[in-house]
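J.: Starting off with a structure, shown below.
Readers should treat all values here as calculations from the given coordinates under stated rules, not as data from a laboratory. Everything quoted here is computed from the prediction, not taken from an experiment. Neighbour counts run over all protein chains shown; Cβ positions are idealised from the backbone, glycine included.
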Amino acid sequence: MDWPELIASVVLVSASGALAPGPLLIATLSEGVKRGARVGFLSATGHMVVELPLVLLIAQGIAFLLTGEVIARLAITAAGVAALTFFGLNQLRESIIAQPNPTNGLDTKTPKNGVAIGIIFTGLNPYFITWWLTIGAKLVYDSLELAAWMGIAVMYASHIWIDYAWLVFTSSLAWRGGKIIGSRLLRLINIVLGAFLIVLALLMALEFVLTIFS
């Protein structure tokens, strides 16, 4: 994997997670209605406070596992294939069948501090942890393999800006009375990203098979 391939994979996979409606987005929108884009920036910062240490811990663990490189690659690839398939199919189902609108019934009792919103709704979200231990772990592995800790730095920078951009953008729209969440455009984007996750799972499965029989 080279730099353009790594960055493209990180951006597309990260976007599929960031744009999917979840607790952090809902809580940010709830406060964004009252305080605008600033809430999105602060909640993204709180999100990073939880996420970055987790990424570093995963990277440290994977760096240790690289001493048994083939076994580590197979285990991480297998977990990544399963997770990508699950998240991809779930995203397609939510976008096509369920047609959720997470702005309905927003809880107005969310924390007033934007950083606290990011920390609480990231740290208490089991899907966030699962994502990084499966799909994210594969990105971490590829980054370490490409350029050690410099690869981790580039990978995380390629990931975190999407969270900032999306949360700032949607909280600003919420403050202005916009309704992008639940719109046809967002559903279409999520369908495309869900399909991309499944395609990526197939490519990773092919890599898994080739590694076994090589």
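J.: Any idea how far apart Leu210 and Leu124 come out in nm if each label point goes 7 Å out from Cα toward Cβ?
T.: 4.4
J.: Given labels modelled 7 Å from the Cα in the Cβ direction, how far is it in nm from Leu133 to Val199?
T.: Going from the Leu133 label point to the Val199 one covers 3.0 nm.
J.: At 7 Å along the Cα-to-beta-carbon direction for both Ala63 and Ala78, put a label point, then send me their distance in nm to one decimal.
T.: The two pseudo-label positions are separated by 2.7 nm.
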